[in-house]
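Everything on this sheet refers to the single structure shown next.
The values are calculated or read from the model by the stated rules, or taken from the named source; none is laboratory data. Just so it is clear, the model here is predicted, and its values are computed rather than measured. Counting neighbours? That spans all protein chains shown, and the Cβs are built from the backbone with ideal geometry, glycine included.
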Amino acid sequence: MAMKSESAEKILTRLKGLRAHMQPGEEPLFSIPAIWDGGQGQRSMPGDVVLTNQRLFGYAFVSFPRERLFLDAIPLSSIKAISLREKSFEPVFRELLVSDGQRNVYIRSRRRQIEDLYEALRVAIKEFAPAAQPVLENARVEDTPAIRPTPIYGRQEIRTPFERSPLGITLLFVGGLLLEIIGIVLWLTTQSAQTGLPLFFAGVIAVITSILVRRYRR
C-alpha cells in the first residue's frame, strides 16, 4: 500500500497481544494512536486504530494491574461511508467517521495521522474489498453475487459553538474549580461568607454546567 507506514511485523511487535487476535489470512497494513468511539452507548477508548486487509478496528491491551482487552472492528467489505470531519475550535485533532449503514464509528487523532488513515483506508478498500462489477446481460441471476456499492467518501467542516466545543467545556470545568478554590480561600482568609460564597457558588454552577453540556454532546 502507498500509505503503509510500518511493516506488518513491526505493527504486530509494537502492539502487544495483537497477533493472537488476527483472523486467518489477516495482515495489518497501517496503524495510528487514536481514540475510537464505536457508538452504541460505548465510551471512547484511547489506544490504537489498526487497518488490515480485512478490517478496521480499535485496539487496546493492558496487562497491568490486570489484563484488559479492547477490540471493536468493522469489516472493510461492510463500510458504506467515510467522512473526514474538521471541527471548529479543534486545531490539533481531526475526526474520521466510518459507517456501515447500521452504526457510526468515530476515530479521533492528530490531523496528519487522520489524513493518512483516510487515504490508507481508501486504498485498502479499493484493493481488498472492491465493489462488485455490473452484471452482464447474459449472466444468470443465481450465479451473480450481491453487488456491494462503492463507499461514499467525503469531507465535512463542522462548526461548533465555542461553549459546546471540547475546549470550551474543559475551560468551563477548570474555571469553575478555580472559582470554588478561590471562594473557599477568601472565605477562610476574610472570615466573611459574603466575600467567598458568591465565587464558590459561581464555580459550582460552572462545573455543573460543563458536566451537563458534556453529557448532552454524548
* To do: Scan segment 36-83 residue by residue and report those that are part of a strand (DSSP E or B) and more than 16 Å from the chain's Cα centre (by Cα).
  => T52, F61, V62, R68, L69, P75
* Only residues that are within 30 Å of E86 (Cβ to Cβ) and modelled with pLDDT of 80 or more: list them for segment 178-218, please. => A206, V207, T209
* Could you say whether any residue in segment 178-195 is of a type in the set (A, V, I, L, M, F, W, C), closer than 30 Å to Y106 by Cα and outside the structural domain of S44 (by TED's automatic domain parsing)? -> no
* Asked: Can you find a residue in segment 101-124 that is within 29 Å of R19 (Cα to Cα), assigned by TED's automatic domain parsing to the domain that holds L12 and at pLDDT below 85?
  -> no
* Asked: In segment 92-107, what count of residues is obtained for those that are more than 12 Å from the chain's Cα centre (by Cα) and of a type in the set (K, R)?
  -> 1
* **Residue check for R140: in the same structural domain as G58 (by TED's automatic domain parsing), modelled with pLDDT under 85 and surrounded by fewer than 14 Cβ atoms within 10 Å (Cβ to Cβ)** => yes
* Asked: Do we find that E9 is modelled with pLDDT of 95 or more, surrounded by fewer than 15 Cβ atoms within 10 Å (Cβ to Cβ) and not aromatic (F, W, Y) in this structure?
  -> no
